[in-house]
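A.B. asks: What follows is a single structure, and I will ask about it in a moment.
The values are calculated or read from the model by the stated rules, or taken from the named source; none is laboratory data. As the structure is a prediction and not an experimental result, all values here were calculated from the model. Using ideal geometry, Cβ is built from the backbone for each residue, glycine included, and neighbour counts are taken over all protein chains shown.
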């Protein structure tokens, strides 16, 4: 047997590094990346309107704002309530950070198909004529027909019946969503925002995960996305901190119950901006990232009083495909939740921004974001 001389040993070690280390990093090892800071003008941002934006936000119940352009932090501001290493509740921004991210990962891995019948993953629906027509696309775009558990102008525990039980998690929100939430229309024929519909998306993805080494959404995201992009476990939490055991599945809420630092949320935005690539490692296929952050082709959302200029539905993301948010480029996409928690990504401007806090305008959810965040942000972008 030939001996390994020092030169051959060196070649062998180098070959191992080149061939195997990138694939290991691409699975669950953190890839080195740290935010770099820059003067706004160096990244095509004007300081004066940027200062004005921060002042507007500061005077409108904002706890934190983080703005990144060309991979450089141009402004990071926090109130006394928050800091760069402190988590903030994300409310329905979780629908993108948890629901959307777990969906694109499952699509990427071939565990699920976007137009699969949801009943393929929810056995209780197979013989239900009202729910048999629901697809994964419908669940991800609020077009399933499943009635929402929220009632406009009422607290979660005030509406009574199955809706209050959904929020009280009595016995658990997934059983309520699966069996008790009524159907309001034929799947795919209309838009109605639906927290129970999003819950069933998490159920379906978790069911699909049983074919993989990961058995729940929290572990799936932690090992495949959050750790590789360098988010410490202490900087994010999801699912109200709970796991619900239903039908032999370990289910995690994806409609709310999350908490992230602004920098953690921005790292997710950076990953999506870079179409699934992170420091040379391919974590998600670029085509799948494009698909989930593009118009899903489902019915137009409600844009009346209380909502304002609501963007169209991507797959668990909101997308500005029809330019309803007139100052934003049409390739902008975002996740957003109660209190105007928002992560926005604008690929054509190489821009990621996060805002945490309270309601910007209690009378109009999207109108408040447009008036007090999106438009002033566009005022600051020079080119």
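A.B. asks: Pick out the one residue from 101, 111 that is more than 12 Å from residue 198 (Cβ to Cβ), touching a residue at least 24 places away in the same chain (Cβ under 8 Å) and crowded, with 24+ Cβ neighbours inside 10 Å.
C.D. replies: On the way: 111 fails: crowded, with 24+ Cβ neighbours inside 10 Å.
None of the others qualify; the one that does is 101.
A.B. asks: Something else now. Out of 54, 74, which single residue is surrounded by 12 or more Cβ atoms within 10 Å (Cβ to Cβ), modelled with pLDDT of 95 or more, in a strand (DSSP E or B) and within 26 Å of the chain's Cα centre (by Cα)? Lay out the reasoning, then the answer.
C.D. replies: Values: 54 fails: in a strand (DSSP E or B).
One residue alone meets the criteria, 74.
A.B. asks: Which one of these does residue 189 not meet: (1) surrounded by fewer than 22 Cβ atoms within 10 Å (Cβ to Cβ); (2) under 23 Å from residue 256 (Cβ atoms); (3) in contact (Cβ under 8 Å) with a residue 12 or more places away in the chain?
C.D. replies: Of everything listed in (1) surrounded by fewer than 22 Cβ atoms within 10 Å (Cβ to Cβ); (2) under 23 Å from residue 256 (Cβ atoms); (3) in contact (Cβ under 8 Å) with a residue 12 or more places away in the chain, residue 189 misses just condition (2).
A.B. asks: Look at residue 175 and say whether it is without any contact (Cβ under 8 Å) to a residue 12 or more places away in the chain, farther than 25 Å from residue 333 by Cβ and outside any loop (DSSP other than H, G, I, E, B).
C.D. replies: On the way: without any contact (Cβ under 8 Å) to a residue 12 or more places away in the chain: no; farther than 25 Å from residue 333 by Cβ: yes; outside any loop (DSSP other than H, G, I, E, B): yes.
Spelling it out, it is not the case that residue 175 is without any contact (Cβ under 8 Å) to a residue 12 or more places away in the chain, farther than 25 Å from residue 333 by Cβ and outside any loop (DSSP other than H, G, I, E, B).
A.B. asks: Only one of these conditions is not met by residue 207: (1) within 24 Å of residue 337 (Cα to Cα); (2) touching a strand residue (DSSP E or B) at 6+ places or on another chain (Cβ under 9 Å); (3) not in a loop (DSSP other than H, G, I, E, B). Which number is it?
C.D. replies: Residue 207 satisfies every listed condition except (1).
A.B. asks: Based on this model, can you work out whether residue 269 counts as surrounded by 17 or more Cβ atoms within 10 Å (Cβ to Cβ), at pLDDT 95 or above and touching a helix residue (DSSP H, G or I) at 6+ places or on another chain (Cβ under 8 Å)? Write out each step before concluding.
C.D. replies: Details: surrounded by 17 or more Cβ atoms within 10 Å (Cβ to Cβ): yes; at pLDDT 95 or above: yes; touching a helix residue (DSSP H, G or I) at 6+ places or on another chain (Cβ under 8 Å): no.
Criteria not met by residue 269.
A.B. asks: Mind checking which residues of region 239-282 are within 14 Å of the chain's Cα centre (by Cα) and assigned to a strand (DSSP E or B)?
C.D. replies: 259, 260 - these are the residues of region 239-282 that are within 14 Å of the chain's Cα centre (by Cα) and assigned to a strand (DSSP E or B).
A.B. asks: Considering only residues that are surrounded by 18 or more Cβ atoms within 10 Å (Cβ to Cβ) and either in contact with a strand residue (DSSP E or B) (Cβ under 6 Å, 6 or more places away or on another chain) or under 17 Å from residue 104 (Cβ atoms) (or both), which ones fall in region 222-242?
C.D. replies: Residues satisfying the conditions are 222, 224, 225, 226, 228, 229, 231, 236, 238.
Table: residues versus (1) in contact (Cβ under 8 Å) with a residue 40 or more places away in the chain; (2) assigned to a helix (DSSP H, G or I).
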residue: 132; (1), (2): no, no
residue: 137; (1), (2): yes, yes
residue: 142; (1), (2): yes, no
residue: 148; (1), (2): yes, no
residue: 151; (1), (2): no, no
residue: 155; (1), (2): no, no
residue: 166; (1), (2): no, yes
residue: 170; (1), (2): no, no
